[in-house]
Each structure stands twice: as C-alpha cells, then as structure tokens.
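Report on one structure; see the data block that follows.
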Amino acid sequence: MTQVDLTAGRLVCRTLAGERELAYDHLVLAVGNRARLDLLPGMAEHALPLKTVGDAMHIRNTVLRRLACIELEDDASARRALGHFVVVGGGFSGVEVAGELVDCLASIRRYYPRVAADELRVTVLQGLDRLLPELSPRLGVAALNSLRERGVDVRLMARATCITADGVQLGDGEFIEGRTVIGTIGTAANPLLARLGLPLSGGRVVVAGDLSVPGYPGLWAVGDCACVPNALDGSTAPPTAQFAVREAQHLARNLGAVVTGAPTTAFRYRSRGMMASIGHLKGVAEVAGLPLTGWPAWLVWRAYYLSQMPSFGRRLRIFFEWFWGMFYPPDITHLRFTRSAELGSDEERRQREASATAVATV
C-alpha cells in the first residue's frame, strides 16, 4: 500500500501486476513495525538486524561464511576476530539468538577441521542489570546461568555506543572486537502511519476498545502498529505475537458484527504466559504465573508454537523436522538466490576488473 485517501475510501497498492487503485468499505492497518537501524552510530552499516525471515537467513549465511574464512585464514588475530559473534541486546531476541548460535557453532565445527573450539566465541551485551526484563528476575537469572554454562560471555550493564566494521564500542571505553555484530535492539514505527496523519502514541495508531480508529469510520488497526487498550485491566496490549493473533481474531468478529448490524465489543485478553528458547532442550517460561526452566520450559515453548501452525500437515512436518534436529547437526548449505542473469553480470564484472588490473600493471 503506497497511498491512502481516508476521506474518499480509496487506496493505491503495489502488486505483482503493477500499481492498482482500490475502493474500500473497511481498511485494517496491520503493517507492524521495523528494525530501527539508526539507533546507534554504525548500526545500519555494520550490524545484522533480526526482524524478518530474510534477516535470519542472512545471519545464517554470514555465520557459515565466517567459519569458512577462519578455515582459510592463517593470521591468529584475524581468526579470533572472525570467530567472535557479538549480540547487542539481552531481551527475547538477543537471548534466543545467542543460545541458538552457540549450539549451532558447536554442531557445525566438525565440518571445519582447522577451526578450534576456543576460536569461536559468543558475547551478549545487555545495557540493563539482567537478561529478559520482560520476565521475572528469577527467570532472567536462569537464562543468564544457562548461557554462561555453555560458554557465552554475557556482559550486563554494558551499553553499546558505536558499532564499527571491527566490533562494538562500549560506553565505558572498552572496545569489543568481533567481525559479526547482531543487533536485536530498537524498533521503529512504519513510516506509512506518519504519512496518514493518524493520532499516534509512541509511533503506534491510537485505537478504541473495539480496535477502530476514532474519527475515521471504517478504519481499524491491530498488531505492533496499534496502541490497543486491554479492557481486561485497562493496560495497553504489548506488541507481541500472542496479543496480535488475539487482536486479529477479535477484529474479525467485530467486522462481522458491523456487517450484520450488531454492536462491537472491546478487546480483552489475559496473557497465557511468556516463553523463550535459549538453545537445544533449554528454555525459560512463565505460564499462568508458574515459572519453568530447562527442558520443561523448552517443551512447553515447542508445543505452544506447534499448536499455532495453520494445518495438521504443517504441524506434522515441523514436528519431524524438530525431531530430526535433536539428533543430527544442522545443514550447512549456503543458501543464495541468484538468477542466471545475475551470474552473467558477475562474470562480466570480474572480467572488467581483471582487464583493469592488467592495464594498471602494464
């Protein structure tokens, strides 16, 4: 969606067939938010964000490239820098990526005989005094101990101030050297919301209890882009997947009510808990006020996400993939999507560079 006329009830969207103009009776804004790449100097240029599936695949490919480079590198200092992976942020995303990363490195190192275990390090930089501030202090300590037991260097009260191609500068003057920096901090509102001129709170669209936007008939908003009041306790619903799914379901019922002339209802939902996976058979969770750690938390986490899959076939496929992954190392195939035309362009570019080098030498 590129343009919206809220008064006329028309919008312009970009499709595979080009731009189209559409009229609407009801418009639902569910555009989410984006990774904020300008939060720290150098973050956009040198850090790997973790917001989309594409970001995750890029991180995976980068990890594989780093190990391949270490395998071929002879300089000891360069090998140490290539093997140091720095995660900025100790929330859910930071803890989960650190846990999965340390397990992944331990599993795939067998394919790189020249890479020693002590050449691979994972560091987590957290600006607060504990991990996972969204959960209870007890679970934050459990996550901290689990990561440290597996060799992760967790730095609490370590605020990153600048990111460079060689590592991360901390506020106390220390420089953490590492060629791979993964940024899990900071989100920004979708710029479309500001262009629409809607009432915002913290970059999110202000909505009524029934998820409609006051003053704009037929306009609704849900998910990370909406500031949703929870009628259960008067709080604002957090921007999490658990609440976004329930908001979408509630909005569907309200839209049906509007079409049939029935009254809409206010959104109310009690969180079922919060969970984080911190590696193979390891996790922390808080379900109905009950804290869980270790493999029980990991099992609850897996069971919950499996239950959210849209079909039985998808659930079965994912279950067997998870089961297979418990006993066998991950695939190290470097996934790169390159079209034939791009291959030809790359070959022409290499030939031009080779010719330029030859001329310069002469």
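The values are calculated or read from the model by the stated rules, or taken from the named source; none is laboratory data. Because the structure is predicted, anything quoted here is derived from the model rather than measured. Neighbour counts run over all protein chains shown; Cβ positions are idealised from the backbone, glycine included.
If we scan the range 4-24, do we find a residue that is in contact (Cβ under 8 Å) with a residue 24 or more places away in the chain, more than 21 Å from Gly178 (Cβ to Cβ) and in a strand (DSSP E or B)? Let's see the steps before the verdict.
Step one: filter the range 4-24 for residues in contact (Cβ under 8 Å) with a residue 24 or more places away in the chain, giving 4, 6, 9, 24.
Still in the running and more than 21 Å from Gly178 (Cβ to Cβ): 4, 6, 9, 24.
Imposing the further condition that a residue be in a strand (DSSP E or B) reduces the set to 4.
For the range 4-24, residues in contact (Cβ under 8 Å) with a residue 24 or more places away in the chain, more than 21 Å from Gly178 (Cβ to Cβ) and in a strand (DSSP E or B): present.
Let me confirm something: among Leu343, Leu316, which residue is at pLDDT 90 or above and under 31 Å from the mean Cα position of the chain (by Cα)?
On the way: Leu343 fails: at pLDDT 90 or above.
Within the list Leu343, Leu316, the selection yields Leu316.
Quick check on my filter: what residues within the range 300-332 are in a loop (DSSP other than H, G, I, E, B) and touching a residue at least 24 places away in the same chain (Cβ under 8 Å)? Please lay out each step first, then the result.
Going through the range 300-332, the residues in a loop (DSSP other than H, G, I, E, B) turn out to be 308-311, 326-332.
Of everything in the range 300-332, those that are in a loop (DSSP other than H, G, I, E, B) and touching a residue at least 24 places away in the same chain (Cβ under 8 Å) turn out to be Gln308, Met326, Pro329, Pro330, Ile332.
Is it the case that some residue within the range 140-155 is touching a residue at least 60 places away in the same chain (Cβ under 8 Å) and within 21 Å of Met43 (Cβ to Cβ)?
yes
Can you tell me which residue among Glu71, Glu149, Glu174 is among the acidic types (Asp, Glu) and either surrounded by 14 or more Cβ atoms within 10 Å (Cβ to Cβ) or in contact with a Lys or Arg (Cβ under 6 Å, 6 or more places away or on another chain) (or both)? Break it down stepwise before answering.
Details: Glu149 fails: either surrounded by 14 or more Cβ atoms within 10 Å (Cβ to Cβ) or in contact with a Lys or Arg (Cβ under 6 Å, 6 or more places away or on another chain) (or both); Glu174 fails: either surrounded by 14 or more Cβ atoms within 10 Å (Cβ to Cβ) or in contact with a Lys or Arg (Cβ under 6 Å, 6 or more places away or on another chain) (or both).
So the residue among Glu71, Glu149, Glu174 that is among the acidic types (Asp, Glu) and either surrounded by 14 or more Cβ atoms within 10 Å (Cβ to Cβ) or in contact with a Lys or Arg (Cβ under 6 Å, 6 or more places away or on another chain) (or both) is Glu71.
Given the structure, is Leu135 within 30 Å of Pro229 (Cα to Cα) and either outside any loop (DSSP other than H, G, I, E, B) or touching a Leu at 6+ places or on another chain (Cβ under 7 Å) (or both)?
Working: within 30 Å of Pro229 (Cα to Cα): yes; either outside any loop (DSSP other than H, G, I, E, B) or touching a Leu at 6+ places or on another chain (Cβ under 7 Å) (or both): no.
So Leu135 does not fit the description; no.
Per-residue answers, yes or no, for (1) part of a helix (DSSP H, G or I); (2) without any contact (Cβ under 8 Å) to a residue 40 or more places away in the chain:
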| residue | (1), (2) |
| --- | --- |
| Leu39 | no, no |
| Leu48 | no, no |
| Ile59 | yes, no |
| Leu64 | yes, no |
| Cys69 | yes, yes |
| Arg79 | yes, no |
| Cys104 | yes, no |
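May I ask you to say which residue of Arg130, Arg114 is in contact with a helix residue (DSSP H, G or I) (Cβ under 8 Å, 6 or more places away or on another chain), assigned to a loop (DSSP other than H, G, I, E, B) and surrounded by fewer than 15 Cβ atoms within 10 Å (Cβ to Cβ)?
On the way: Arg130 fails: surrounded by fewer than 15 Cβ atoms within 10 Å (Cβ to Cβ).
On inspection, the qualifying residue turns out to be Arg114.
Looking at Ala188, Ala194 in this structure, which one is among the hydrophobic types (A, V, I, L, M, F, W, C), in contact with a strand residue (DSSP E or B) (Cβ under 8 Å, 6 or more places away or on another chain), at pLDDT below 95 and in a strand (DSSP E or B)?
Values: Ala194 fails: in a strand (DSSP E or B).
Every option except Ala188 fails the conditions.
What pairs come out if I take residues in the range 116-138 that are on the phi < 0 side of the Ramachandran plot and modelled with pLDDT under 95 and pair them with residues that are among the charged types (D, E, K, R) and assigned to a strand (DSSP E or B) whose C-beta lies under 9 Å away, six or more apart or interchain?
What qualifies is Leu135/Glu286; Ser136/Glu286.
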